[in-house]
1. Starting from residues that are away from chain B (no Cβ under 13 Å) and in contact with a Gly (Cβ under 6 Å, 6 or more places away or on another chain), keep the ones in segment A:295-326 and report whichever is least open to solvent (accessible area, probe 1.4 Å).
2. Consider only pairs whose beta carbons are under 8 Å apart and that are at least six residues apart or on different chains; among these, list those whose first residue lies in segment A:327-356 and is within 14 Å of chain B (Cβ to nearest Cβ) and whose second residue is of a type in the set (A, V, I, L, M).
3. Pull up segment A:12-65, narrow it to residues that are at pLDDT below 90, within 17 Å of A:I479 (Cβ to Cβ) and out of contact with any helix residue (DSSP H, G or I) (no Cβ under 9 Å at 6 or more places or on another chain), then point me to the one that is least open to solvent (accessible area, probe 1.4 Å).
4. Just to verify a result, which residue in segment B:107-148, among those that are closer than 24 Å to B:A159 by Cα and among the polar types (S, T, N, Q), is most open to solvent (accessible area, probe 1.4 Å)?
5. When segment A:82-100 is examined, which residues are found to be within 13 Å of another protein chain (Cβ to nearest Cβ) and open to solvent by 30 Å² or more (accessible area, probe 1.4 Å)?
6. When you look at A:F235, is it surrounded by 15 or more Cβ atoms within 10 Å (Cβ to Cβ), under 23 Å from A:S295 (Cα atoms) and modelled with pLDDT of 95 or more, yes or no?
7. Say whether the condition of being within 14 Å of another protein chain (Cβ to nearest Cβ), buried (at least 16 other Cβ atoms within 10 Å of the Cβ) and among the hydroxyl-bearing types (S, T, Y) is met by at least one residue in segment A:120-130.
8. Out of all the residues in segment B:147-156, is one or more more than 18 Å from B:G42 (Cα to Cα), away from chain A (no Cβ under 13 Å) and in contact with a Phe, Trp or Tyr (Cβ under 9 Å, 6 or more places away or on another chain)?
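The values are calculated or read from the model by the stated rules, or taken from the named source; none is laboratory data. All of these numbers come straight from a predicted model, not from anything done at the bench. Note: ideal-geometry Cβ built from the backbone for every residue, glycine included; neighbour counts use all protein chains shown. Ligands, DNA and RNA are stripped out before the accessible areas are found, and what is left, the full protein with its side chains, is counted by its heavy atoms. Shrake-Rupley method; radii C 1.70, N 1.55, O 1.52, S 1.80 Å.
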Amino acid sequence: MRGFLKTILIAVFGISSIHAQNRQLLYDFNEIPQALMLNPGMKTSQRWHVGVPVLSGLFFQASTSGVTVNDLFANDGVDFTTKVQERVLDVMTRRDDFGSTSQIDGFNIGFRGKNRPDDYYSFGMYGEMDIISYWPKDLALLAFEGNGGNNIGRSFDLGDLSLRGEMVNVFHFGINRKVSNTLTIGARAKLYSSIFQFQSIKNSGSFRTVEGQNNMYNSIIVADMQLQTSGVKGFYDIIDADTGTTRKDLTSLFTERVLLGGSLGLGFDAGFTHQLNPQTSITGSILDVGFIYNSNDVWNYTFEGATSTEGITVFLPEDIDNVNNDLWQDLVDEIDEALPHGENQSGYISLRPVKAYGSIRYDFGEGGRSWSENCGCAINTGGGSNSDFYRNSVGGQLYMIKRPRGIQAALTGFYQKRLGRTLSLKTTYTVDKYSFTNIGLGLNLQAGPVNFYVLGDNVLSYGNIADSHYASLQFGFNIISWNNN
Amino acid sequence: MKKLFFQVLFASIFILMLSSCTEEQDFSQIDDLSVTPTLASGIFYLESDEETINSAGGFGTFYAQTVNFDAFNEAYVAERLLEGVIIYEIENTTSKRADISIDFLDESGTPIYQETFTVEANPTETFTREVTYGPGGLSLSILTNTSSFRVTGRNLGDATSTSTHPEPKISLSSAAEFIFRLK
């Protein structure tokens, strides 16, 4: 039990300290090719781009709306159990969550159509891991306080357990088209190759102990719970077997799943950019509208039923002839029978976490000729309609993501500054459930054809990263061409 | 000047990002976590009507049964049991004085502890007894070694009288509230 609790706690905080999904710094950062992944309808100026394999886009994000690592593990001399009681059990609600997302671009390539220069095609492959776990408040209270004492009569909500996680490899192909001088649209098709997926998101039921009708206490449980997993058991079995070829076997299975050898799914992204006037534009996109049919290595665990017990009961004269000594075991068996916990291997569909972005942007401060002036492709250049022409941009962004317990939103204000043709900087202020003090900074450096970007979120928390409710870092290298090189 | 301002500003902030740090964290504190929930449950309920008691005869035994009970001697439970209380309540609306005893038996059937209750005929109040186990009370080993109960109900009155109560009966309720150390 001790090891189990330790593992759970370290996993929860470990995951949240490594990885989570809003990429407000990258969104509409037109100079960075990976911004196309957030809005397929972004304005594009380059002739082609090639991301440095594995290094073109690395993204790590972590979030916790409740307790931070520092709240619990700071070396502050406060008793750990007291910290858990005061900083977790007393204050966190079932709406609080721990989330993490990481994404690594395998490769990312884009090019402009020879015959249709208004079209920019992009394709590639990236891996993504996304995990979210809501704080199971009532289950935690049941574990820490029990059903006795002041909790007699309290109903513990088994539906508080809600978590979802997946690792998926995504193959994608997108088309970005300049429809007119004021409108650019785009769409991206995605093929998902699932490495593993698990979810326990539709749980319901309760457990409560009340005054009994006959005996002093009556414990009542009603449960409808399920944990669905796909691709997990295969990895678990390899680790569990510990044959000496564990690493090789894990790599082999991982590679197979990455290359379409596991469960598969389909999805799409879509987006647009509309120029309201030469200096003002609006954008919007919707990402990962898709699903995965989990049919590979599926193991589901269920716990469903309803029962109540007041303990062993004997009524005379009805039970006078019952000389069975195993009344306790009978009671245990009855409860077990009323609450069957089963396993099945039925395939299931998991929906991808759909995300949506929207923004309005105002460009100002004419800066002379654009950095993409040599494009030669006549796309999104020239005149006052090209935002690259302006040295400054200011605007607002809205982000929403579908989570197991509803939609999470974030509001961002941003300012972007272009310093010459080589350097572009962006700063954001974001408000969401995780933080009201999230200031992000991004830098894009264009040294000839070599492009490098680094974007960091919630920089005010960098003084003590362990005390941060939200942190993200993304960076990457690309080769970009605006001419015939 | 403006350009210089922004360059200095952003350069400073990026240096800040690069110099990010964290206060000292001590993850070994998790070993100090103490999880000690109080668990409550009904244990045993015996109810007998007066007719059944009468049929056992004057001063006769109307119920005697040995019941397997491994709740506390399961290894997982026994190792984590800290302290607690077993609560007994007896109601008697019959015209009989009665005696109920509970013998705690170990795996070989040897009595290791006995709880006896004698209730008067038709008392005005519910008889209640709380027996504490652990610090300040009886030894927890009584419970952790208990494998079964022998419950005996004896009529200490005659075999003919009947209470004027509409449904005369005698009932024994019992419940446990114990603190366990899960971590």
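1. A:V298
2. That search, which allows pairs on different chains as well, returns A:L327/A:I312; A:L327/A:V314; A:L327/B:V67; A:W328/A:I312; A:W328/B:V67; A:W328/B:A71; A:L331/A:I312.
3. This residue is A:L58.
4. Kept after step one, since they are closer than 24 Å to B:A159 by Cα, are these residues of segment B:107-148: B:116-127.
Cutting the leftovers down to among the polar types (S, T, N, Q) gives us B:116, B:118, B:122, B:124, B:126.
Numbers: B:T116: 51, B:T118: 57, B:N122: 79, B:T124: 142, B:T126: 65 Å².
Here the residue is B:T124.
5. Of segment A:82-100, the ones within 13 Å of another protein chain (Cβ to nearest Cβ) are A:82-85, A:87-89.
Passing the criteria: A:T82, A:Q85, A:R87.
6. On the way: surrounded by 15 or more Cβ atoms within 10 Å (Cβ to Cβ): yes; under 23 Å from A:S295 (Cα atoms): yes; modelled with pLDDT of 95 or more: no.
Criteria not met by A:F235.
7. no
8. So the first thing to find is which residues in segment B:147-156 are more than 18 Å from B:G42 (Cα to Cα), and the list is B:152-156.
Next, only the ones that are away from chain A (no Cβ under 13 Å) stay: B:154, B:156.
Filter once more, so that each one left must be in contact with a Phe, Trp or Tyr (Cβ under 9 Å, 6 or more places away or on another chain): B:154, B:156.
Checked against the condition, which is being more than 18 Å from B:G42 (Cα to Cα), away from chain A (no Cβ under 13 Å) and in contact with a Phe, Trp or Tyr (Cβ under 9 Å, 6 or more places away or on another chain), segment B:147-156 yields at least one hit.
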